[in-house]
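Visitor: So that we are looking at the same thing, I have put the structure below in C-alpha cells.
The values are calculated or read from the model by the stated rules, or taken from the named source; none is laboratory data. Values in this document were obtained by computation on a predicted structure and should not be read as measured data. Every residue, glycine as well, gets a Cβ built from its backbone with ideal geometry; the counts of neighbours run over all protein chains shown.
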Amino acid sequence: MANHKSTLKRIRSNETKRLRNKYIHKTTRNAIKELRATEDKKVASELFPKVVALVDKLAKNNIIHKNKASNLKGKLAVHVNAL
C-alpha cells in the first residue's frame, strides 16, 4: 500500500479518470454501432456529426489514438455516403 499522501490521492484520481474514460469510450462505441446499423440516409446524416464529435473528443483526451479516430471517421463517412 502507498505511504505518501500524494500517492494516495493519485490512486483515487486515477480511478475516477479511468471510470470516466471507460464511460465516454463505451458511449462512443455504442453511438458508432448505432450509426453503422442505420439504413436510412437522413437519420445517418443527422447522427454522423454527433458521432464524429464524440470520436474527436476521445482523440483529444488521448483515450484513443488520433490516427484511429481519423480511420473511424473516414470509414463512417464512407458508410454514410454509400447509403
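Visitor: Determine, yes or no, whether Lys26 is at pLDDT below 95 and either farther than 17 Å from Ala82 by Cβ or out of contact with any Pro (no Cβ under 6 Å at 6 or more places or on another chain) (or both).
Guide: No; evaluated as a whole, the condition is false for this residue.
Visitor: Within the range 62-83, can you find the residues that are in contact with a helix residue (DSSP H, G or I) (Cβ under 7 Å, 6 or more places away or on another chain) and among the charged types (D, E, K, R)?
Guide: Matches in the range 62-83: Lys66, Lys73.
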